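The values are calculated or read from the model by the stated rules, or taken from the named source; none is laboratory data. Just so it is clear, the model here is predicted, and its values are computed rather than measured. Virtual Cβ from ideal backbone geometry, glycine too; neighbours counted across all protein chains shown. Remember, those area values only see protein heavy atoms, side chains included, never the ligands or the DNA or RNA. Shrake-Rupley method; radii C 1.70, N 1.55, O 1.52, S 1.80 Å.
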Amino acid sequence: MRTIIEPFRIKMTEPLKITTRAQREEALEAAHHNVFLLDAEDCCIDLLTDSGTGAMSAQQWAAMMLGDESYAGSRSWKRFESAVGEITGMPNILPTHQGRAAEGILAECILKPGDIVPNNSHFDTTRANIEYRGATALNLPCAEAFDTQVAAPFKGNMDVEALSACIAEHGRDKIPFAMVTVTNNTGGGQPVSMANLRAVKDVLSEHQIPLIIDACRFAENAYFVRQREGGYADRPLMEIAQEMFSLADGATMSCKKDGLANIGGFLVCRNGEWALQFRNLGILREGFPTYGGLAGRDLEAIAVGLHEALDFDYQVYRHATVEYMVDRLTALGIPMVLPAGGHAVFLDARAMLPEMQQLSYPGIGIVNALYLAGGVRAVELGSVMFGHFDNDGVEQPSPLELVRLAFPRRVYTQSHFDYLIEVIEEVWNERAKISGHRITQQTEILRHFTCHFEPVPTAS
Ligand SMILES: Cc1ncc(COP(=O)(O)O)c(C=O)c1O
């Protein structure tokens, strides 16, 4: 059959509130034109993030009923440890309440002011945790990552030559570890090839620099490797994932993505001394090392979810959804990051609104237009999220102005996606009316979550 169906049926439903444009205008005004500040029930299709927003399976709910809530050494911890250990092969496993907690512990234990951490692209929380320690989070994506239109198979790769140059310039002592984010969320959900991971590992090994994988979407990356990289076509996703982790010295993970859970994360490593430091700080920040800020039932849901994420039919369906969206939107002439990424569609806001200056935040204009047109909540990945102020206090834009429509796992059906295409088409057809925005209130760190905007005329 040509049609790839959702490999599940629905046993429980949740109502969606259908709003009018006037209601949405009122809601957006009250949220200071920042969709993070909207009430979720005012969003008809909520694509703000794929993080923690997925639907759990019957097996996960059943496992949760077996949750052992003992403070230390629970059965649920054993199941979690065994699942994480099987996939990552790492001897030291620390559960955390989510990914950023793992990043925070890693950064606080290992980094000192002046250090440098290269990555293909740091996610915003990873960058913030590194910068909070006075270190520099350095993005070294491959050249194709900057061209949204080139259809290279592994646009999430790291620029290995730039990594070597970075080590030559700063020296090993300034680089306590390097990271690779799979898939590269910030760069469009694009995958990293095994060959690139191996090349990165080789360069780092020469200088005894540990490699940490940001593993949030490790299963989606494993699927891409199977589909796009020679020699992996017949390999089970579990084996591909194990091979990826075998190249690393540690990993941070948000189980809210490919753990198919609503909360949770972990930090794993091979180095026993690091593990000791992580465990001690983990006790202070997250709780005893066998629960790490999670209930026993959460550990159970993650143990099952990590395996379900590696189910081949699940990944076929998940990737088919993204490809369907990209194909349909491309046919309408809408510019976006190509080829399809793993968990989201990334509209190219700069190409959609070429007349608008970057510091008028074209991505925010598109995000707000999507909400007003159809109650769709997306997120800007552009100059609001990734711009920065230089040493003279002048705001510098981000290299890309993207709008991410992230797909919660196992939540929306085909007709939701068809509706979404109609909403995007309307925004595209009416793009001449989209205004720029000005920030009227912001914080120093992670400003996009809470800042206030006001619309300004397009030409400014
Ligand atoms: C690549 C990447 N790293 C880290 C994180 C942080 O994970 P969490 O939201 O669980 O703190 C995210 C979350 O979206 C992410 O996409």
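Condition check: closer than 30 Å to F218 by Cα, modelled with pLDDT of 95 or more and either among the hydrophobic types (A, V, I, L, M, F, W, C) or open to solvent by less than 20 Å² (accessible area, probe 1.4 Å) (or both). Does L370 satisfy that?
Working: closer than 30 Å to F218 by Cα: yes; modelled with pLDDT of 95 or more: yes; either among the hydrophobic types (A, V, I, L, M, F, W, C) or open to solvent by less than 20 Å² (accessible area, probe 1.4 Å) (or both): yes.
Against the criterion (closer than 30 Å to F218 by Cα, modelled with pLDDT of 95 or more and either among the hydrophobic types (A, V, I, L, M, F, W, C) or open to solvent by less than 20 Å² (accessible area, probe 1.4 Å) (or both)), L370 qualifies.
Condition first: acidic (D, E) and in contact with a Cys (Cβ under 6 Å, 6 or more places away or on another chain). Now tell me which residues in the range 262-297 satisfy that.
To start, the set of residues in the range 262-297 that are acidic (D, E) comprises 273, 286.
None; the set is empty.
In the range 383-408, how many residues are over 13 Å from the mean Cα position of the chain (by Cα) and either open to solvent by 50 Å² or more (accessible area, probe 1.4 Å) or not hydrophobic (A, V, I, L, M, F, W, C) (or both)?
Here the count works out to 15.
Condition first: at pLDDT 95 or above, over 30 Å from N429 (Cα atoms) and surrounded by 22 or more Cβ atoms within 10 Å (Cβ to Cβ). Can you find one or more residues in the range 316-324 that meet it?
no
For the range 11-35, name all the residues that are more than 22 Å from H416 (Cα to Cα) and in contact with a strand residue (DSSP E or B) (Cβ under 8 Å, 6 or more places away or on another chain).
Result: H32, H33, N34.
Report yes if some residue within the range 402-417 is among the small types (G, A, S) and touching a helix residue (DSSP H, G or I) at 6+ places or on another chain (Cβ under 9 Å); otherwise report no.
The answer is no; no qualifying residue exists.
Each row is one residue, and each column tells you yes or no for (1) part of a loop (DSSP other than H, G, I, E, B); (2) more than 16 Å from the ligand (Cβ to nearest atom).
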residue	(1), (2)
L204	no, yes
I212	no, no
Q242	no, yes
A248	yes, no
W274	no, yes
Q277	no, yes
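Can you tell me which residue within the range 179-202, out of those that are among the aliphatic types (A, V, I, L, M) and within 15 Å of the ligand (Cβ to nearest atom), is farthest from A102 (Cα to Cα)?
Only one residue fits best here, namely V192.
Can you pull out the residues in the range 214-240 that are of a type in the set (A, V, I, L, M, F, W, C), more than 16 Å from the ligand (Cβ to nearest atom) and not in a helix (DSSP H, G or I)?
Across the range 214-240, the qualifying residue is only A233.
So, in the range 325-344, how many residues would count as being open to solvent by less than 40 Å² (accessible area, probe 1.4 Å) and either in a helix (DSSP H, G or I) or aliphatic (A, V, I, L, M) (or both)?
9
In this structure, does A351 turn out to be open to solvent by 10 Å² or more (accessible area, probe 1.4 Å) and either farther than 20 Å from R226 by Cα or of a type in the set (A, V, I, L, M, F, W, C) (or both)?
Judged against the criteria, A351 is a match.
Give the residues of the range 33-51 that are assigned to a loop (DSSP other than H, G, I, E, B) and surrounded by fewer than 18 Cβ atoms within 10 Å (Cβ to Cβ), sorted by residue number.
Answer for the range 33-51, where residues must be assigned to a loop (DSSP other than H, G, I, E, B) and surrounded by fewer than 18 Cβ atoms within 10 Å (Cβ to Cβ): just D39.
Hey, among the residues in the range 259-270 that are of a type outside the set (V, I, T), within 16 Å of the ligand (Cβ to nearest atom) and touching a Gly at 6+ places or on another chain (Cβ under 8 Å), which one's nearest to I110 (Cα to Cα)?
L267
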